[in-house]
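Nothing in this text is a laboratory measurement; each read-out follows from the coordinates by a stated rule. The structure presented is a predicted model; accordingly, all values stated were derived computationally and were not measured. Note that we place each Cβ from the backbone using ideal geometry, even for glycine, and neighbour counts take in every protein chain shown.
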Amino acid sequence: MAKTIIVSNRLPISLRHRNGRFEFKPSAGGLATGLGSIYKSGENIWIGWPGNTVEDPEQRAEIILELHDLKMAPVFLTREDVEQFYEGFSNETLWPAFHYFTQYMTYNPDHWEAYVRVNQKFCDAILKKADADDTIWVHDYQLLLLPQMLREVLPNATIAFFQHIPFPSYEIIRMIPWRKQLLEGVCGADLIGFHTYDDMRHFLSAVGRITGLSSESGYIQAENRIINVDSFPMGIDYDKFAKQAKSRKTQRIVQDFRKQVGDQKLIITIDRLDYSKGIPQRLHAFTKLLQDHKELHGKVSMIMVVVPSRDKVQSYKELREEIDLLVGRINSEYSTLNWVPVHYFYRSFPFEELSAFYNMSDIALVTPLRDGMNLVCKEYVASRTDQTGVLILSEMAGASKELQDAVLVNPNNQQGVVDAIYDALTMDPKEQKERIASLQSSLKKYDIFQWVKVFMDRIEHVKEKQAELTSK
Ligand code: GDG
């Protein structure tokens with residue numbers, strides 16, 4: 001029987017070296033949970049990099065065996081692969097390009113070569129496991145060449161691709177010297193998904209102009225196949241967040257923190273360290289709020305969690321220094337003996353504490369300059385079990401297309417963000433409830449499990465449509 005193979009750069013576990021041994025830490029992320037029902041059933045499997053380099057053949061063999069029991073197969077990357085394919089082409093060329101940060105793009109042919117080589121490495125690892133009629137679902141921008149590499153050797157396989165980050169306008173894509181190969185690579189798939197309608201439109205336009213393939217109503221006409229392109233906005237494991245928010249453990253953390261800060265209003269912000277998240281701009285807006293509204297001093301604090309990320313890349317190092325400086329400046333200027341304006345944490349927290357942060361905060365301030373979707377804003381809404389709270393959300397996050405009852409802002413408009421925070425701080429509880437209840441009802445319906453189902457059903461549909469066309 002045909003099976004389903006999930007492929008992503010990272011497996012849903014992390015491999016760690018500890019005291020000369022290895023240990024696996026499972027990922028609790030939404031995608032891993034959502035896809036759990038797929039890769040854990042029958043002969044299905046998840047293929048990807050375990051997140052650490054392993055050179056010793058004996059250790060590799062041991063890891064392969066252990067992962068086999070978890071329904072996973074590793075792709076081993078060398079240190080050079082990590083530097084050139086992952087940190088290089090993926091994170092210094094594609095990531096900035098796709099988030100409209102062209103000033104950070106590098107155009108390094110060695111990085112490109114590594115990108116081709118590692119995509120081929122993934123292809124070889126899949127071929128060891130795949131049969132001719134399997135379904136292979138490839139995830140994200142690190143593996144854009146993989147669908148076509150697979151198509152060449154498995155012409156009858158069902159291949160799907162989903163991109164988790166934005167797809168930018170043609171004007172940006174055309175800057176990449178290897179744009180044609182990248183687009184032809186993705187077009188090896190039968191189904192290509194993005195978070196939003198705009199991403200999908202940009203992709204179709206770039207494909208038309210760069211590869212010459214034409215499309216109509218979301219179907220690209222390739223030489224002897226049709227390719228469906230559409231938007232599939234990803235949801236969260238809603239019930240998990242709602243349940244955790246009510247748990248005794250989370251409520252205890254909320255009460256302890258509240259004892260320290262009293263009835264101050266709290267604003268939560270949570271991001272991975274990234275220039276696309278607009279963290280300095282947000283701190284500037286908060287400073288302006290404190291300048292403009294002296295009456296808020298001592299009455300409002302920001303809890304800012306920044307999760308360490310890509311700290312070997314120069315632009316990320318600089319960003320961290322900039323944030324350190326800004327937080328230091330705000331706190332040194334405004335703090336009093338019993339009030340700290342910004343509680344800043346440069347680390348990640350266990351799930352119960354993350355849930356407590358969502359649950360204790362009156363406002364979530366989610367203001368990326370560009371974001372594929374952004375799950376933090378959805379998790380905040382799901383955690384507001386008493387239906388209070390205000391979500392301030394950037395128009396540049398994919399999530400804003402669905403979450404129209406959030407307070408939407410342009411993150412580049414500082415005064416607009418300041419006003420939105422002020423309005424949120426003074427918003428009538430009745431309006432808060434109406435907005436949150438409406439957001440909750442759509443997030444609950446379209447959760448991560450529904451997202452997986454809709455995508456998988458569409459794969460079936462595209463295959464049926466292709467079969468109809470070839471039998472004509
Ligand atoms: C991509 C796209 C798209 C954060 N801090 C902690 C913690 N987190 C968790 C959150 C959330 C996740 O990390 C971050 O989700 P995002 O959606 O913001 O971003 P990514 O997953 O990095 O990236 C993005 C997404 O893919 C899905 O398609 O939305 O646009 O860039 O789930 O909860 N979790 C814990 N402690 C923390 O301190 N436990």
Sorted by Cβ neighbour density within 10 Å, fewest at the top, the residues V305, V118, V229: V305, V229, V118
A correct Stokes-Einstein calculation for segment 230-332, using the alpha-carbon Kirkwood radius, 4 °C and 1.567 mPa s, returns a whole-number D in µm² s⁻¹ of 79
Report, to one decimal in Å, the Kirkwood hydrodynamic radius for segment 358-472 based on all distinct Cα pairs. 15.7
Neighbour net charge for M396 - beta-carbon separation under 15 angstrom, K R +1, D E -1: -3
Exceeding 30 Å between C-alpha atoms, which entries from my cross-link table qualify? They are K25/K312; K40/K378; K121/K445; K312/K453. K121/K445; K312/K453
In degrees between 0 and 90, to the nearest 10, how far off the longest principal axis of the chain does helix 448-471 point, with axes built from Cα atoms? 30
Given a Förster radius of 22 Å and the C-beta distance between R16 and K317 as r, what FRET efficiency does 1/(1 + (r/R0)^6) yield to the nearest 0.05? 0.40
Per residue of segment 280-293, what does 6.51 cos²θ - 1.76 cosθ + 1.60 with θ = phi - 60° give for ³J(HN,Hα)? Whole Hz please, x for Gly and Pro, Karplus curve as stated. x, 4, 5, 5, 5, 5, 5, 4, 4, 4, 5, 5, 6, 10
Order by protection proxy (mean Cβ within 10 Å, highest first), peptides 417-426, 319-328, 353-362, 258-267: 353-362, 417-426, 319-328, 258-267
So, by mean Cβ neighbours within 10 angstrom, what's the order for 104-116, 149-161 with the highest one leading? 149-161, 104-116
Semi-axes (Å, rounded, descending) of the ellipsoid equivalent to segment 306-390 per its C-alpha gyration tensor are 24, 20, 12
How many percent of the alpha carbon pairs in segment 22-91 exceed a separation of 15 Å? 60
Can you give me the three principal axis dimensions of segment 88-245 from its C-alpha atoms, in Å, biggest first? 49, 43, 33
Dipole magnitude (debye, nearest 20) for segment 21-115, charges at Cβ of Lys, Arg, Asp, Glu: 500
Taking the Cα centre as origin and putting +1 on Lys and Arg beta-carbons and -1 on Asp and Glu beta-carbons, what dipole magnitude results for segment 89-248, to the nearest 20 debye? 420
Full-extension gain between S438 and E333, please, as 0.36 nm times their residue separation minus the C-alpha to C-alpha distance. 33.9 nm
Going residue by residue through segment 2-17, the Karplus relation 6.51 cos²θ - 1.76 cosθ + 1.60 with θ = phi - 60° gives ³J(HN,Hα) values, rounded to whole Hz and with x marking Gly or Pro, of 5, 10, 10, 10, 9, 10, 8, 3, 9, 6, x, 9, 10, 8, 10, 7
Segment 25-39 scanned against label point 7 Å out from E87 along Cα→C-beta; backbone N under 12 Å for none
Return one quarter of the surface area of the convex hull spanned by the alpha-carbon atoms of segment 252-386, equal to its mean projected area, in nm². 8.5
For segment 174-276, report the convex hull volume of the alpha-carbon atoms normalised per residue, in Å³, without decimals. 176
Cα axis of helix 351-360 to longest principal axis of the chain: angle in degrees, 0 to 90, nearest 10? 40
Could you give the angle, 0 to 90 degrees to the nearest 10, between helix 314-334's Cα long axis and the longest principal axis of the Cα atoms of the chain? 10
Rg ratio (alpha-carbon, reference 2.2 N^0.38 Å) - the chain: 1.01
Expected 222 nm ellipticity per residue - DSSP helices of 4 or more, -39500 (n - 2.57), all of the chain, to 500: -14000 deg cm²/dmol
